[in-house]
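Down below is the structure, laid out as structure tokens.
The values are calculated or read from the model by the stated rules, or taken from the named source; none is laboratory data. Keep in mind it's a predicted model, so treat the numbers as computed, not measured. Every residue, glycine as well, gets a Cβ built from its backbone with ideal geometry; the counts of neighbours run over all protein chains shown.
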Amino acid sequence: MRHRKKLPIGIQNFAEIRQEGHYYVDKTPQILRLIDEGKYYFLSRPRRFGKSLLLDTIAELFEGRRELFHGLHADTRWDWSQTYPVIRISFGRGVLSSLAELKQRIPLLLQDNYDRLGLEPPQDQDSADLFSQLIRRAQAASGQRVVVLIDEYDKPILDNITEPEVARQMRDGLRNLYSVLKDEDAHIKFALLTGVSKFSKVSLFSGLNNLRDITVSTEYSSICGYTDDDVDTVFAHELPGLDRDEIRRWYNGYNWTGTSVYNPFDLLLLFSEREFRPYWFETGTPTFLVELLTQRQTFTPALDRHVTDLELLSSFDVDHIETDALLFQAGYLTLHGAEEVLPGEWVYTLGYPNREVRSSLNKALLPRLGLPGSQGLTQRLQLLQCLKRNDFASLQALFTALFASIPNDWYRSNPIANYEGYYASVFYSHFAALGLDIRLEDVTHHGRIDMAVLFNGQVYLFEFKVVELVPEGRALQQIKDRGYADKYRARGEPIHLIGVEFSKEQRSVVGFEVETLALAR
């Protein structure tokens, strides 16, 4: 009978996991496929998604440590008679704040590889030449072409993304290093670069045209992370006492056009702590992200579901950061669908991956929308109580008081307050911060939203309008005219139609109508 194993929380070392009895989800089927299908690869995944462990596993495979792979897919499918020299470079440790620091770090990383491979480095060479000679000397010493694994390839840039000039210098310094891969092609067996962001080939991988980006390749969607099947099999002994459906709602949903996965960091901490919390979100305060979304007057309901294309998802560089690309690559939005609208023309539907991200990100955004952080928890708890009691008078009073609490000075100094989507964003983000089951019907008009909230055996259908943009008294009527409730009648639950109207001039709720539909007999 299998017993509970150790949880590999924060462990990125494959040998430690295998030798000390930790759980391990076998990724070697996809690793072998990678090696069989090509040579140069790039993979982008959000932080704490297991990229470092993936690279460490590949390194151990090429170095021939068969004892670590006993019982895994690769055990009987890999040629263990051949071993290869592996060069490993990681920028994950520490923060580099200047080009000078980067220029000091790179030779140290290369020196580590010279030492590990038992090679003598050349003297008085720049970083590119040190890297080039490392590849050539490793092949000459072993008689085998070299494996190059680069982890956190973009971290020196991302750590300085709020300082564009420094970030550009970092980018150029790294480009000089990575350009070696193209020149030393004849000496390389396999190469994989991983990071959080996908910088354009022109800006960072100039000339490396054969680098295959597997970030949104269907067959590699689950190469990092845990699938539902992994949870039910590998981690079966951790599930008793936890609501399986809640695990799925809270943490599943990250998708790159294939099988959806969970962030390993979330699941391992859930199994350890035995309570639902935003473990992954709490490990990194997205200050830069929140500021950028506010500056760009982001309509927060639109984050829940909108359409984009691969060009926008890949448009990330120091001088130009697309909002979609930032949210997608950082893991705050994920792919919910892909459609080929014309031959070769694909569109992608983006949305939140799960409850953890939707709730936590909207919670982080509320203070930037003018709502005092000290009142946030109290307001959300009051909102929850209003829904539990179906107390719509108190719900109206809550939102009226909420907007009244925003200081006039804030409105004067924050351009987002003049944006037509501001009021809808505040309204939506309060509900989303609670982690409620929300369905959006129409987010194309930024002055209004159609929103369904499914909670406590009830259906709440909201139509939100700004009266300066449409006539007063139309919010509730529009829900009726559009038959918005029809799709929810089959649930057999009470349906509440709620029309909410705000005034930009008065900065307040000026209309709040409610009608409850009788249950069909």
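Per-structure values
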read-out: Single residue of region 318-340 satisfying the filter (part of a helix (DSSP H, G or I) and either in contact with a His (Cβ under 6 Å, 6 or more places away or on another chain) or among the polar types (S, T, N, Q) (or both)) that is farthest from Ser260 (Cα to Cα); value: Thr323
read-out: Scope region 18-29; condition part of a helix (DSSP H, G or I) and in contact with a His (Cβ under 9 Å, 6 or more places away or on another chain); matching residues; value: Arg18, Thr28, Pro29
read-out: Arg368 being at pLDDT 75 or above, in contact with an Asp or Glu (Cβ under 8 Å, 6 or more places away or on another chain) and farther than 19 Å from Ile479 by Cα; value: yes
read-out: Criterion violated by Leu242 - all others in (1) touching a strand residue (DSSP E or B) at 6+ places or on another chain (Cβ under 9 Å); (2) more than 19 Å from Leu310 (Cβ to Cβ); (3) assigned to a loop (DSSP other than H, G, I, E, B) satisfied; value: (1)
read-out: Some residue of region 162-179 being in contact (Cβ under 8 Å) with a residue 60 or more places away in the chain, in a loop (DSSP other than H, G, I, E, B) and closer than 26 Å to Arg48 by Cα; value: yes
read-out: Flag for Thr215 being at pLDDT 95 or above and under 26 Å from the mean Cα position of the chain (by Cα); value: no
read-out: Inter-residue pairs, beta-carbon under 9 Å, first of a type in the set (Gly, Ala, Ser) and in region 504-516, second in a strand (DSSP E or B), 6+ apart; value: Ser508/Phe502; Gly511/Lys465; Gly511/Gly499; Gly511/Val500; Gly511/Glu501; Gly511/Phe502; Gly511/Ser503
read-out: Among residues of region 131-173, those that are more than 25 Å from Leu327 (Cβ to Cβ) and either surrounded by fewer than 18 Cβ atoms within 10 Å (Cβ to Cβ) or not hydroxyl-bearing (Ser, Thr, Tyr) (or both), counted; value: 21
read-out: Test result for Arg305, in contact with a Gly (Cβ under 7 Å, 6 or more places away or on another chain), surrounded by 15 or more Cβ atoms within 10 Å (Cβ to Cβ) and within 20 Å of Ala433 (Cβ to Cβ); value: yes
read-out: Failed item in (1) free of Cβ contacts under 8 Å to residues at least 40 places away in the same chain; (2) part of a helix (DSSP H, G or I); (3) surrounded by fewer than 19 Cβ atoms within 10 Å (Cβ to Cβ), with Ala128 passing the rest; value: (1)
read-out: Options Tyr411, Tyr428, Tyr422: the member that is out of contact with any Ser or Thr (no Cβ under 9 Å at 6 or more places or on another chain) and modelled with pLDDT of 85 or more; value: Tyr422
read-out: Residues that are aliphatic (A, V, I, L, M) and crowded, with 16+ Cβ neighbours inside 10 Å, drawn from region 228-272; value: Val231, Val234, Ile247, Val261, Leu267, Leu268, Leu269, Leu270
read-out: Candidates Phe462, Phe455, filtered to the one that is modelled with pLDDT of 90 or more and either at positive phi or touching a strand residue (DSSP E or B) at 6+ places or on another chain (Cβ under 6 Å) (or both); value: Phe462
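Rundown of residues vs (1) over 17 Å from Ile58 (Cα atoms); (2) not in a helix (DSSP H, G or I), yes/no style:
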| residue | (1), (2) |
| --- | --- |
| Lys182 | yes, no |
| Asn209 | yes, yes |
| Cys224 | no, yes |
| His237 | yes, no |
